[in-house]
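Have a look at the structure below, then the notes.
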Amino acid sequence: MKILVTGAAGFIGSHTAERLKIIGHDVIGVDNFSPYYDLKLKQLNVKSLADNDIDVLKIDLRTDDLSEKLPKDIDYIFHFSAHPGISNTSTFEDYFSNNIIATQRLLEFAESLTKKPFFVNIATSSIYGLEATFPESVPPKPASWYGVTKLAAEQLALAKSREEKLQATSLRLFSVYGPRERPDKLYTRLIDCGLNNKPFPLFEGSEKHLRSFTYVQDIVDGIVSVIGKEEVCNGEIFNLGTETESTTAEGIATVEAILETKIAVEKKPLRAGDQSRTKANIDKARKLLGYNPKTKLRGGLEAQVYWFRKSFE
Ligand SMILES: NC(=O)c1ccc[n+]([C@@H]2O[C@H](COP(=O)([O-])OP(=O)(O)OC[C@H]3O[C@@H](n4cnc5c(N)ncnc54)[C@H](O)[C@@H]3O)[C@@H](O)[C@H]2O)c1
């Protein structure tokens, strides 16, 4: 099958593009190389994709003419591109344009095609709000611009399915970590601080936060399991993540044990919109997609430390 992966230069999109290629698909990546974080990381990801014969087209989904620049004979779209995370330096416009406008433009492009692709929207546990422990049927209460705009993007995709203009599903991912993790997120930052003797900025109260820390290859397992299950997935939302909860303090201790070093902490004020607890309820994904994430935090973090050392030392 011919598959378009948006956000392919990023963390989870690049891993998914590689997996899709490995399982025999023809993959085309799209990314605007947003400077939200160090572009060197995205270049490394793109190099790995190129080594696997996957091209990444430089396209901004907010502004470029998609019918001119994108192929027309695609079977699937995996839509990862987004303005992610909670950041004090990001504006509402960043979230609005990259998460809502870009998604709507991509959906309109998909709908305009003669052969309609199946649309997989990549969503987030932030849609649930400050606590994300619920099944997909519970009404969302997002508490950040990120969560609100990702909810809107999800609904835009599902509305196309309800209108029977496209087949679409939405996958809500929980706290993904592993090689290529964004540098604004917990583990890449912790590893950087531990190896390079920098203080780790710890937001007030965050050491007690509970998280379904999910290894990126376990997330990719769930994402690609949609292929071949289009009838079951169309119009549906699925949580994807591990059911095992760990505190941020446990995560820090695990990285310290792997690096055999104590990481200095610099306390920061409470960060508004931060979730206090995420625990993926994956009953639906387990039943309908056969989803079964297995990687333990220590093993996944060892792989992430190995990646960091190989890439940056
Ligand atoms: N990382 C996590 O823990 C996590 C958890 C839940 C959901 N998600 C979702 O997974 C997806 C991927 O997240 P990630 O952590 O890999 O982030 P990432 O920032 O590494 O990847 C997103 C990519 O999208 C690209 N992009 C942004 N705006 C674009 C635009 N207008 N046009 C084209 N490309 C654009 C960026 O340049 C980037 O490379 C996002 O939709 C995010 O909301 C991530």
Can you give the direction-averaged projected area of the convex hull of the alpha-carbon atoms in segment 242-313, in nm²? 7.0 nm²
Separation between the THR89 and LYS72 pseudo-spin-labels, each 7 Å from Cα along Cα→Cβ, expressed in nm? 4.2 nm
If the only charges are +1 at each Lys and Arg Cβ and -1 at each Asp and Glu Cβ, what is the size of the charge dipole of the chain around the Cα centre, to the nearest 20 debye? 440 debye
Mind sorting PHE308, PHE213, PHE134 by how few other Cβ atoms lie within 10 Å of their own Cβ, fewest first? PHE134, PHE308, PHE213
Could you bin all the Cα-Cα distances of segment 72-211 into 10 Å bins starting at 0 and give me the percent of pairs in each, rounded to whole numbers? 11, 35, 32, 16, 5, 1
Just rank GLU250, GLU18, fewest to most, by other beta-carbon atoms within 10 angstrom. GLU250, GLU18
Cα to Cα, under 16 Å, and not fewer than 8 places away if on the same chain: which lysines meet these conditions relative to LYS21? LYS2, LYS47
In the chain, if the dipole is taken from +1 on Lys/Arg beta carbons and -1 on Asp/Glu beta carbons about the Cα centre, which of PRO35, GLY273, THR169 is farthest to the positive end? GLY273
Taking Cα atoms, the helix 11-22 axis meets the longest principal axis of the chain at an angle in degrees (rounded to 10) of 60 degrees
Hey, any idea what Rg/Rh is for the chain, computing Rh the Kirkwood way over Cα pairs? 0.94
Along the charge dipole of segment 107-224, pointing to its positive end and built from +1/-1 on Cβ of Lys, Arg, Asp and Glu, which listed residue (VAL120, SER206, SER137) has its Cα farthest out? VAL120
Cβ charges +1 (Lys, Arg) and -1 (Asp, Glu), total dipole of segment 1-88, debye: 220 debye
Taking each pair of distinct Cα atoms in segment 179-248 once, what is the resulting Kirkwood hydrodynamic radius in Å? 14.7 Å
Hull-based mean projected area of segment 3-64, where the convex hull spans the alpha carbons, in square nanometres: 3.8 nm²
Debye sum, Cα scatterers, segment 65-114, no solvent: what log₁₀ I/I(0) at q = 0.13, 0.30, 0.33 1/Å? -0.38, -1.20, -1.33
Is there a quick way to get the dipole size of segment 50-118? I mean about its Cα centre, with the Cβ of Lys and Arg at +1 and of Asp and Glu at -1; what is the value in debye to the nearest 20? 200 debye
What angle do you read, to the nearest 10 degrees and between 0 and 90, between the alpha-carbon axis of helix 186-196 and the longest principal axis of the chain? 50 degrees
Most exposed first, judged by fewest Cβ atoms within 10 angstrom, ILE22, ILE219, ILE237 run ILE22, ILE237, ILE219
Starting from the amide H of THR278, placed 1.01 Å from N in the peptide plane, find each other amide H under 5 Å away whose residue is 5 or more places distant or on another chain. ALA132, LEU210, ARG211, SER212
Using the Cα gyration tensor of segment 164-289, with a ≥ b ≥ c the square roots of its eigenvalues, what is the shape: rounded (a/c below 1.5), prolate (a/b larger than b/c) or oblate (neither)? prolate
So how tilted is helix 102-112 from the main axis of the chain? Cα-based, degrees 0 to 90, rounded to 10. 30 degrees
More than 17 angstrom apart: percent of Cα pairs within segment 119-173: 33 percent
Hypothetical label at ALA159: residues of segment 105-129 whose amide nitrogen lies under 20 Å (7 Å Cα-Cβ projection): 105-113, 117-124, 127-128
Would you compute, from DSSP H runs of 4+ residues alone, the mean residue ellipticity of the chain at 222 nm, taking -39500 (n - 2.57) per run and dividing by the full residue count, rounded to the nearest 500? -11500 deg cm²/dmol
Rounded if a/c is under 1.5, else prolate if a/b beats b/c, else oblate: with a ≥ b ≥ c from the C-alpha gyration tensor eigenvalues square-rooted, which is segment 1-124? oblate
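Rule-based calculations on the coordinates, nothing more; no lab input. Since the model is a prediction, treat every value here as computed from it, not as a measurement. We place every Cβ from the backbone using ideal geometry, glycine too, and count neighbours over all the protein chains shown.
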